[in-house]
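Heads up, the thing below is written out as structure tokens.
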Amino acid sequence: MVDTSFLVAVLGVGGTLAGGALTAVINSRAQPRAEEVWEREQILKVRAQESAHAHAVHSEHHSWLRARRESAYLAFLEAAEAARVDVLDLAIAIRERAIPAEELETLRIAARERMRTLLRTRDVLEIAGPEAVAEPARTHYANLVDYWRKPTRMLERRAESEPAEAEYGLLRAALLEDREQLEDSQRAVVAAARSALEQLPAAVGPTSRGEEAATQP
């Protein structure tokens, strides 16, 4: 007759051994899984850090470029307006027959220096870009050069002999016509500059790839 207590003891030992073996198998499989999860978390963490760094660099570059372009645009527009005013002062003085030659020469030199300053600001604007702003700026500069040459040529004409009254009238009419052209080209520069600056916001949001890397489970 089989001793049942012995069987129970044997079965108990066998169950314990089997349970231990099963636990060992589960633990051995769970450990690599835990390591994979940890490695994945570390990879996602590194990606999120890289994305945050790239975003910071991108945002800083945009802020720097926006500031540089805005400064170049304002300098050009201010120089253009100053040049226009000085050229107009010269033209008005030329029409005043009683203005001494020394004063006219001073006004001529002032207008010339203004045009040189304008050329320098135009060059800076072209470097700052983009071409969508540089192109209308070149047109505005060319219009101002034409505007400046008219009274300058009249002054040279007066150095040779006194121009006829009709020539003064033609100068005034030409300057009035140029003024409208200058207003149009100035508006074109302002519109292009505003559009270019709007494409460079002060703060740029994180990229979608960076967000995915930071939030992906």
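The values are calculated or read from the model by the stated rules, or taken from the named source; none is laboratory data. None of the values given here were measured: they were computed from a predicted structure. Counting neighbours? That spans all protein chains shown, and the Cβs are built from the backbone with ideal geometry, glycine included.
Cβ separations smaller than 9 Å between residues 6+ apart or across chains give the following pairs from segment 156-181 residues that are loosely packed, with under 11 Cβ neighbours inside 10 Å and assigned to a helix (DSSP H, G or I) to residues that are at pLDDT 80 or above and not polar (S, T, N, Q): Ala159/Ala101. His140 meets each of the listed conditions (1) touching a Ser or Thr at 6+ places or on another chain (Cβ under 6 Å); (2) surrounded by fewer than 16 Cβ atoms within 10 Å (Cβ to Cβ) apart from (2).
Being farther than 24 Å from Tyr168 by Cα and surrounded by 16 or more Cβ atoms within 10 Å (Cβ to Cβ) is the filter here, so list the residues in segment 66-84 that pass it. It would help to see each step written out before you state the result.
First, pick out the residues of segment 66-84 that are farther than 24 Å from Tyr168 by Cα: 66-80.
Correct list: Arg66, Arg69, Ala72, Tyr73, Ala75, Phe76, Leu77, Ala79, Ala80.
Per the listing Glu135, Glu198, the residue uniquely under 22 Å from the mean Cα position of the chain (by Cα), of a type in the set (Asp, Glu) and at pLDDT below 95 is Glu198.
Screening segment 85-110 for residues that are buried (at least 16 other Cβ atoms within 10 Å of the Cβ) and of a type in the set (D, E, K, R) and picking the one that is farthest from Ser161 (Cα to Cα) gives Asp86.
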